[in-house]
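The next block holds one structure in the form of structure tokens; read it before the comments.
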Amino acid sequence: MKVLAAMSGGVDSAVAAAFAAEAGHDVTGVHLALARNPQTHRTGARGCCTKEDAHDARRAADVIGIPFYVWDLAERFHEDVIEDFVAEYAAGRTPNPCLRCNEKIKFTAVLDRALALGFDAVVTGHHARLSTVDGVAQLRRSVDFGKDQSYVLAVCTADQLRHAMFPLGGITKEQVRAEAAARGLAVADKPDSHDICFVSDGDTAGFLRKALGSRAGDIVDTSGEVVGTHDGAYAFTVGQRKGLRIGRPAEDGKPRYVLDIEPVTNTVHIGPADALDVTEVRAARPVWTAGAAPALPLRCQVQLRAHGTPLDAVVRLDGAELVAELDAPTRGVAAGQALVAYLDDVVVGSATIVRSAALASR
């Protein structure tokens, strides 16, 4: 097959490209230039899309022996990922920009262009597996659960997955690094990315403050008492404990956590940890990764955040919303994150969390 290898400059995408070439595919490497101003990218290797990454990707392509190009997708990335990120925080939600990048950039903009140019598939270094059942692609967890990225890929449609390749899903990260070293790839020991690539200094609150300005508001306890103020509700997320500017300890002596962010009144609601407990989660815009919607209600497991613990649940539809009824309470469910349903290690579908029972009942 003629495949396009998306090469970020990290070890995973380099080894994925090498595996595809070794398997006999006609591979072309491409690095995505995502910053309007490359100088805004941080130096060092703690994020993805740093200034050094394009050079690392090119060197890896040279070692593998494949053609290499750079595609400028800065404007598309700014509109679909960065502006979405800012808008979601302004609306009181907590988005996952990596999920949005997969949805809008890698498996829409890049895949569409690749297919138009005659490529059969896009290969990436994501830690996930693909299998085919009755001609339909199934997205599955990686064998390395600690590195599994099926959660952030669950926004992909069955047709997109039909044109995707994830060669690393059957091996561990340790094995990936060993493969890179064996092939003479200089990125073998390069650190994993952890930060938001477009937040150059790692200060997300500062980035949002620059984009949205200072927006003073109240911090309100469950009693209804105003116990503090803030400069911007975008600096908070559900489940957060640190950074709450409250004047005195709560009367019950219990630590306080962010329970909800109300964008209309610019209010941050806080309360004790047990007020975070939820047993029902509602999500909008479901995407059925395997194509057709399964028979519902469905007993399965759900994951509510990247690298979160899978939770036993029953999922059902209520109008246009996907509802997960959890067997046991969980905490820190944030609107804007994804609800991903699994049957064993197979992704059934995903939807964007809009609210949970604890917040709706306040």
From fewest to most C-beta neighbours within 10 Å, the residues Met7, Met1 line up as Met1, Met7
Quick one: 3J(HN,Hα) in Hz for segment 147-163, Karplus 6.51/-1.76/1.60 with θ = phi - 60°, rounded, Gly and Pro as x. 10, 4, 10, 4, 4, 7, 9, 5, 7, 6, 7, 4, 5, 5, 5, 5, 10
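Anything over 32 Å Cα to Cα? Flag those among Lys2/Lys173; Lys104/Lys173; Lys210/Lys254; Lys51/Lys210; Lys106/Lys242, in the order listed.
Lys210/Lys254; Lys106/Lys242
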Give the range of the longest stretch in the chain that excludes all GluC sites (Glu not before Pro) found in loop regions by DSSP and having at most 13 other beta-carbon atoms within 10 Å. 1-224
Proxy reagent accessibility, fewest Cβ within 10 Å first, across Val86, Val323, Val302: Val86, Val323, Val302
What number in nm² do you get for segment 214-275 if you take the convex hull of its Cα atoms and divide its surface by four? 3.8
What is the angle, in °, between the Cα long axis of helix 51-64 and the longest principal axis of the Cα atoms in the chain? Nearest 10 is fine, range 0 to 90. 30
Proxy reagent accessibility, fewest Cβ within 10 Å first, across Asp80, Asp112: Asp112, Asp80
For Ala216 and Leu130 in the same chain, what is the full-extension length gain: residue separation times 0.36 nm, less their Cα-Cα distance, in nm? 26.2 nm
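Every read-out reported here was derived from the displayed coordinates using simple, explicitly stated rules and does not represent laboratory data. Values in this document were obtained by computation on a predicted structure and should not be read as measured data. Cβ atoms come from the backbone with ideal geometry, glycine included; neighbour counts cover every protein chain shown.
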